[in-house]
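Engineer: I have a structure here, written as structure tokens, and I will follow up with some questions on it.
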Amino acid sequence: MSVEDFEKKLENMGKPEVKSVPPPMEIKLAIVNSQRSAALGIWFIVVPCYFLFCVFMKYYFHFNLGLFDTFIELMASLDKTPGMKFISPILLVGLPLAGIVLNVLAICHFSFDSTDKTLKISIKLRWLNIAILILSLALVGIFMGYAFVENIHHQNL
Amino acid sequence: MLLEEEKELLEKIRADKNQFGILFDHYYQPIFGYAFRRVADYDLARDISAETFLKAFLKIKTFEWKGIPLSSWLYRIATNEVNQYFRKQKYRPEKLGSIVKGESYFFFIDNGREELEEELIKHGEFLEIQLNLKKLDTKYQEVIALRYFEGRDNKQIADILEKPEGTIKSLLSRGIEKLKILCNQ
């Protein structure tokens, strides 16, 4: 067979078609959302982080950041308003908790091996997610710790 | 998709990354088909195409519009992924692992495997050529696959591989000669 004939053979040869394979929705969602959990996690901890930063600046450096007093007043008024008491716990603890769940799901993979009856947990080293996770855990720990200590203090009075 | 439409889509994606889904829906099949015809393996082709789109998604903000179709850019990324597989013979998608959650993830998307395996069996002549093509250097593999499996002309191949048309022509003619010998024809 000449090279030209071989070329013609290649041109006319039947090829496998992939029309039966639709674009997989799961891959599409995973790709488009690949950076979202970390970004959302950051938004969840912005307010509690700012609050904590203001507290730190005020009580350790005696430096009052402008918005801090307004923020405290707003929290206090929300606490006194019936039906609004849940806002500050949601802002300070609820959102970082949501950030924790979101980022744990983003980096952990659980699989159950039915033959060995073992649960395998793998953690992906995605540093942004891990950093946000640690920060969210610290925030929840600080606010829960504060609430706990305050409660004991009030009970002792 | 027309060149103008692609340019518009690119601007939309830059403004809102969710619009990338349109590009994915439009080009997933051609890219998956290209990967499948190159490697003749359903799972591998699926990994390669997912990695291709993930890399495109991560790099699309830096993509410079020079009048070259987005499809050529996607084919270029896919070609690099396929070449990476042929170099290492063990494909490990770099980016995909960070978003795909293991085997359970693929449980949902395995439809179509049987049909494609049947398609391969039906095209024995193609499979024979494809097997021999794999024995060639990747620089010949890519031009032959793009020309004869995907039906691209020299200009399009030159755009995809970012090589001059003259180079493509000579790679094609040398590659075909080598492939012909391997096929005993």
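The values are calculated or read from the model by the stated rules, or taken from the named source; none is laboratory data. The shown structure was predicted, so the numbers you read here are calculated from the model rather than taken from an experiment. Glycine also receives a Cβ, built like all others from the backbone with ideal geometry; neighbour counts cover every protein chain displayed.
Engineer: Quick check on A:PHE51: is it under 26 Å from the mean Cα position of the chain (by Cα) and modelled with pLDDT of 75 or more? Let's see the steps before the verdict.
Structural biologist: Details: under 26 Å from the mean Cα position of the chain (by Cα): yes; modelled with pLDDT of 75 or more: yes.
The answer is yes for A:PHE51.
Engineer: From B:ILE13, B:ILE68, B:ILE48, B:ILE31, which residue is surrounded by fewer than 22 Cβ atoms within 10 Å (Cβ to Cβ), part of a helix (DSSP H, G or I), of a type in the set (A, V, I, L, M) and in contact with a helix residue (DSSP H, G or I) (Cβ under 9 Å, 6 or more places away or on another chain)?
Structural biologist: Working: B:ILE68 fails: part of a helix (DSSP H, G or I); B:ILE48 fails: surrounded by fewer than 22 Cβ atoms within 10 Å (Cβ to Cβ); B:ILE31 fails: surrounded by fewer than 22 Cβ atoms within 10 Å (Cβ to Cβ).
Result of the check over B:ILE13, B:ILE68, B:ILE48, B:ILE31: B:ILE13.
Engineer: Against the definition (closer than 25 Å to A:LEU40 by Cα, touching a Phe, Trp or Tyr at 6+ places or on another chain (Cβ under 7 Å), at pLDDT 80 or above and assigned to a helix (DSSP H, G or I)), how does A:PHE71 come out, yes or no? Show your work before the answer.
Structural biologist: On the way: closer than 25 Å to A:LEU40 by Cα: yes; touching a Phe, Trp or Tyr at 6+ places or on another chain (Cβ under 7 Å): yes; at pLDDT 80 or above: no; assigned to a helix (DSSP H, G or I): yes.
Taking the combined requirement at face value, the residue does not satisfy it.
Engineer: Considering only residues that are crowded, with 20+ Cβ neighbours inside 10 Å and touching a residue at least 60 places away in the same chain (Cβ under 8 Å), look in segment B:142-151 and name the one that is nearest to A:MET13 (Cα to Cα).
Structural biologist: Filtering segment B:142-151 for residues crowded, with 20+ Cβ neighbours inside 10 Å gives B:142-149.
When the remaining residues are screened for being touching a residue at least 60 places away in the same chain (Cβ under 8 Å), the result is B:142, B:145-146, B:149.
Numbers: B:GLU142: 18, B:ALA145: 12, B:LEU146: 14, B:PHE149: 9 Å.
The selected residue is B:PHE149.
Engineer: Are there any pairs, at least 6 apart or on different chains, whose C-beta atoms fall under 6 Å, with the first in segment B:73-89 and more than 18 Å from B:LYS134 (Cα to Cα) and modelled with pLDDT of 90 or more and the second crowded, with 18+ Cβ neighbours inside 10 Å and among the basic types (Lys, Arg), and if so, which?
Structural biologist: Pairs found: B:ILE77/B:LYS55.
Engineer: Here's a follow-up. In segment A:1-25, what residues are within 18 Å of B:ASN132 (Cα to Cα) and at the interface with chain B (Cβ under 7 Å from one of its Cβ atoms)?
Structural biologist: Across segment A:1-25, the qualifying residues are A:MET1, A:VAL3, A:PHE6, A:GLU7, A:LEU10, A:GLU11, A:MET13, A:GLY14, A:LYS15, A:PRO16.
Engineer: Can A:VAL93 be described as under 28 Å from A:LEU137 (Cβ atoms) and either at pLDDT below 80 or under 23 Å from the mean Cα position of the chain (by Cα) (or both)? Let's see the steps before the verdict.
Structural biologist: On the way: under 28 Å from A:LEU137 (Cβ atoms): yes; either at pLDDT below 80 or under 23 Å from the mean Cα position of the chain (by Cα) (or both): yes.
Spelling it out, A:VAL93 is indeed under 28 Å from A:LEU137 (Cβ atoms) and either at pLDDT below 80 or under 23 Å from the mean Cα position of the chain (by Cα) (or both).
Engineer: Can you confirm whether B:TYR42 is surrounded by 17 or more Cβ atoms within 10 Å (Cβ to Cβ), in contact (Cβ under 8 Å) with a residue 60 or more places away in the chain and more than 8 Å from every other protein chain (Cβ to nearest Cβ)?
Structural biologist: Details: surrounded by 17 or more Cβ atoms within 10 Å (Cβ to Cβ): yes; in contact (Cβ under 8 Å) with a residue 60 or more places away in the chain: yes; more than 8 Å from every other protein chain (Cβ to nearest Cβ): yes.
In short, yes.
Engineer: May I ask you to list the residues in segment B:114-157 that are of a type in the set (D, E, K, R), over 15 Å from the mean Cα position of the chain (by Cα) and more than 16 Å from B:TYR85 (Cβ to Cβ)?
Structural biologist: Those that are of a type in the set (D, E, K, R), over 15 Å from the mean Cα position of the chain (by Cα) and more than 16 Å from B:TYR85 (Cβ to Cβ): B:GLU114, B:GLU115, B:GLU117, B:GLU118, B:GLU119, B:LYS122, B:GLU125, B:GLU128, B:ASP153, B:LYS155.
Engineer: Okay, moving on. In segment B:116-138, is there at least one residue being among the aromatic types (Phe, Trp, Tyr) and modelled with pLDDT under 90?
Structural biologist: First, pick out the residues of segment B:116-138 that are among the aromatic types (Phe, Trp, Tyr): B:126.
Okay, now just the ones that are also modelled with pLDDT under 90, so none.
Within segment B:116-138, none of the residues are among the aromatic types (Phe, Trp, Tyr) and modelled with pLDDT under 90.
Engineer: Could you tell me whether any residue of segment A:77-84 is more than 18 Å from A:ALA39 (Cβ to Cβ), of a type in the set (Lys, Arg) and in a helix (DSSP H, G or I)? Please lay out each step first, then the result.
Structural biologist: The first filter runs over segment A:77-84 and keeps only residues more than 18 Å from A:ALA39 (Cβ to Cβ), leaving A:77-84.
Going one step further and asking which of them are of a type in the set (Lys, Arg), we end up with A:80.
Among the residues that remain, those that are also in a helix (DSSP H, G or I) are: A:80.
Looking for residues that are more than 18 Å from A:ALA39 (Cβ to Cβ), of a type in the set (Lys, Arg) and in a helix (DSSP H, G or I), one finds at least one in segment A:77-84, hence yes.
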